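Okay, so here's the structure we're looking at.
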Amino acid sequence: MHTGIIVQCRMSSSRFPGKVLHKVHGKPMLQYTLERLTRCCGGMLVVSTSDRAEDEAVVRFCESLEIPCHTGPLENVALRFARTVDHFGFDSFVRICGDSPLMDFRLVDRAMTIFEAGGVRMVSNVIRRTFPKGQSVEMLDAQFFLNHVDRMVSTAEQEHVTPYCYTHLPPSDIASFESGGEWGDVQQSVDTVDDMNSFGSLIAAMRRPHWEYGYADILAMQGYSVHA
């Protein structure tokens with residue numbers, strides 16, 4: 001199975017323009033996400049950004065890291081994903097948001113294990129949100145997605161990529177996994193300047209390579225009581 005780990009990002013964030021390449025301790029935020037995801041047990045890591053001029057900087061940055069990057073429509077992210085999936089010939093793909101520099105690659109591995117066991121066309125950990133924001137993982141059968149992308153016509157379906165899949169796949173075709181805790185309101189993503197500052201503080205406090213810290217380790221650093 002040829003699986004893509006697709007990181008979606010763009011420079012034109014409304015709340016924090018340019019955040020994806022904003023430097024934290026000398027590295028663009030996107031680099032942290034990519035460094036974490038290169039530790040996944042399988043899959044081809046790629047970036048999907050827009051074909052607008054401002055996102056040429058994202059393309060150039062990916063080239064500097066030798067990470068494949070594909071471009072598509074800014075607003076219709078679902079179509080951008082479809083073109084990325086088709087371009088690389090993926091049989092399945094994992095969707096990761098570029099504002100997740102603390103993404104725990106182990107969760108991606110977990111989703112892949114469930115998906116590859118067979119019997120489902122989608123794996124998600126956000127049907128009921130129990131993981132922190134910034135730890136969202138969705139894995140999809142590529143053929144189903146490509147066959148239906150033209151039917152994703154609402155703004156929400158095009159912008160958020162997967163809503164159509166939740167409502168048009170039979171429940172038996174979707175596997176869900178949860179954290180065992182209630183961390184859905186905890187912020188580990190970066191949406192605002194304050195979030196970026198918090199992310200920078202967490203990175204500064206780490207004494208090992210950042211990718212060695214899973215979501216539970218980061219929860220503990222944030223002051224939450226986490227029980228194994």
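When the helix-only estimate is applied to the chain (DSSP H runs of n ≥ 4, each -39,500 (n - 2.57), divided by the residue count), what is the mean residue ellipticity at 222 nm, nearest 500 deg cm²/dmol?
Details: 9 runs with 82 residues, N = 228.
Here the helix-only value at 222 nm equals -10000 deg cm²/dmol.
Just how much of residue 113 is accessible, in Å², when a 1.4 Å probe is used and the result is rounded to the nearest 10?
90 Å²
How much net charge surrounds residue 1 when only other residues with a Cβ under 15 Å from its Cβ are counted (Lys, Arg +1; Asp, Glu -1)? It would help to have the intermediate numbers written out before the result.
Working: positive: 121; negative: 91, 109, 116, 141.
Summing Lys/Arg as +1 and Asp/Glu as -1 gives -3.
Give the value in nm², to one decimal: projected area of the alpha carbon convex hull of the chain, averaged over all directions.
Numbers: hull surface 47.7 nm².
The orientation-averaged projected area of the Cα hull of the chain comes to 11.9 nm².
Beta carbons within 10 angstrom, averaged per residue: use that to sort the peptides 200-213, 26-39, 89-102, highest first. Show your work: numbers first, answer last.
Working: 200-213: 13.2, 26-39: 19.2, 89-102: 22.4.
Result, highest mean Cβ count within 10 Å first: 89-102, 26-39, 200-213.
Show 110, 60 ordered by accessible area, largest first, where the area counts protein heavy atoms only and the probe is 1.4 Å. Display every interim value, and only then the final one.
Numbers: 110 100, 60 135 Å².
Ranking 110, 60 by accessible area, largest first, yields 60, 110.
Can you give the accessible area of residue 69 in Å² (nearest 10), computed on protein heavy atoms with a 1.4 Å probe?
40 Å²
I'd like to know which of 188, 199, 164 lies farthest towards the positive end of the charge dipole of the stretch 157-200, counting +1 on Cβ of Lys and Arg and -1 on Cβ of Asp and Glu.
The residue sitting most towards the positive pole is 164.
Mind checking the dipole of the chain: about its Cα centre, +1 per Lys or Arg Cβ, -1 per Asp or Glu Cβ, Debye to the nearest 20? Don't skip to the answer; put the middle values down first.
Working: 21 positive and 28 negative charges, 80 e Å.
Value, rounded to 20: 380 debye.
How many nm separate the modelled label positions at residue 194 and residue 173, each set 7 Å beyond the Cα in the direction of the Cβ?
4.1 nm
Please compute one quarter of the surface area of the Cα convex hull for the stretch 24-72 and express it in square nanometres. Walk me through the intermediate numbers first.
Numbers: hull surface 14.7 nm².
Averaged projected hull area, Cα only: 3.7 nm².
Between residue 51 and residue 27, what is the spin-label point distance in nm, taking each point 7 Å from the Cα along the Cα→C-beta axis?
Computed distance between label sites residue 51 and residue 27 equals 3.2 nm.
The values are calculated or read from the model by the stated rules, or taken from the named source; none is laboratory data. Being a predicted model, the structure only gives us computed values, none of them experimental. Cβ sites come from the backbone with ideal geometry, for glycine too, and all protein chains shown count toward neighbours. Note: accessible area is taken over every heavy atom of the protein model, side chains too, but ligands, DNA and RNA are not part of it. Shrake-Rupley method; radii C 1.70, N 1.55, O 1.52, S 1.80 Å.
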